[in-house]
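Structure first, commentary second.
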Amino acid sequence: MKNLMLLMSLFLFTLGCNTSPPKETELYIYLDFTEGQDYTQQIEADLDNYAELLNVGENGSSNFGKVKIFPLYDLTSARSKTVKLKEGKSEFESNKFLRQKDIDKFKTQLLNSLTEINEKYTGKELKSSHLIEPICKGMKKLNKSDANQKIVLIYSDMLENSSIANFHGKSSSKDWPSRIDATCDPEDVSDLDIFVVYPVDKQNDGKITKAAEFWTDYFASKGADEETFRFDTEIDL
């Protein structure tokens, strides 16, 4: 009997040693409202994708983290919201049913926060689009995080329309990188996963293609590659 108990203890100890610790993820979501966009359908459709980005699908995962939501609107008035998911217990201590309830509650809170921000800013078009400055500031802050995974998700066509750069004008883009860096230099984004989700817009299709090329090159100069910077019409997981 003692030998059996000893074997069981060794077995459980070995399993515990082979179990990976929970991973922490920080996800920054940016919603571009500069043209009065409405993201009601988008955020409902992508809710499960946010959970996947945090590595907490339907399996009661003990992974954890937080999501910060930033409206891209007026630089002086836009305020962010934060939703957190606490760390789950270990595989041997956890109740998967209760853990799934925590995850479902987190998803509900996240949807409510996204909906609240969407309702506040949708339908209020601006004459200019200050996009890169708030995004850059968030990247610099996220770079200081100790999270295992750091993700930036941007819903926008990325058509900056400010004194920094104007994708709607005819000016050359060669000076834009230096202007961006003078305003806010993200410096190094190699530890970040960046998703840009842009709208299908036939009227601005050529401008969006230009924006995709520009931002791909710009963030490549800051350490991103094709695996960590994605510019697409959906979240490609």
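Excluding same-chain neighbours fewer than eight residues apart, the aspartates and glutamates reachable from Lys170 by a Cα-Cα span under 18 Å are Asp157, Glu160, Asp205, Glu213. Compared with the direct C-alpha span, the chain from Lys137 to Asp191 gains 17.9 nm at full extension, assuming 0.36 nm per residue. When the Cα gyration tensor is reduced to axis lengths a ≥ b ≥ c, the ratio a/c is 1.5 or higher for region 105-219, and with a/b not above b/c it is classed as oblate. Rolling a 1.4 angstrom probe over the protein heavy atoms with all chains in place gives the chain an accessible area of 56 Å² per residue.
Among the listed pairs Lys105/Lys210; Lys23/Lys140; Lys120/Lys150; Lys81/Lys144; Lys23/Lys141; Lys66/Lys96, give every one whose C-alpha distance is greater than 30 Å. Checking Cα-Cα distances, Lys105/Lys210 exceed 30 Å. Rounded if a/c is under 1.5, else prolate if a/b is larger than b/c, else oblate: which is region 194-237, with a ≥ b ≥ c the root eigenvalues of its Cα gyration tensor? Judged from the Cα gyration tensor, region 194-237 comes out oblate (a/c at least 1.5, b/c at or above a/b).
Here percent of Cα pairs over 29 Å apart was calculated from the structure, and among [x] 28; [y] 23; [z] 35 it sits at label [z].
May I ask you to rank Asp205, Asp74, Asp157 by accessible area, largest first, using a 1.4 Å probe over the protein chains only?
Details: Asp205 90, Asp74 60, Asp157 10 Å².
Per-residue accessible area, sorted high to low, gives Asp205, Asp74, Asp157.
How high is the relative contact order of the chain, in percent, with contacts defined as C-alpha pairs under 8 Å that are six or more residues apart? Don't skip to the answer; put the middle values down first.
Values: 360 pairs, mean separation 49.2, N = 237.
Computed over the chain, the figure is 21 percent.
The apolar share of the surface of region 156-237, taken as the fraction of accessible area on carbon and sulfur atoms (1.4 Å probe, ligands and nucleic acids excluded), comes to 42 percent.
The values are calculated or read from the model by the stated rules, or taken from the named source; none is laboratory data. These numbers come from a predicted model, not from an experiment. Heavy atoms of the whole protein, side chains included, go into the accessibility calculation; ligands, DNA and RNA do not. Shrake-Rupley method; radii C 1.70, N 1.55, O 1.52, S 1.80 Å.
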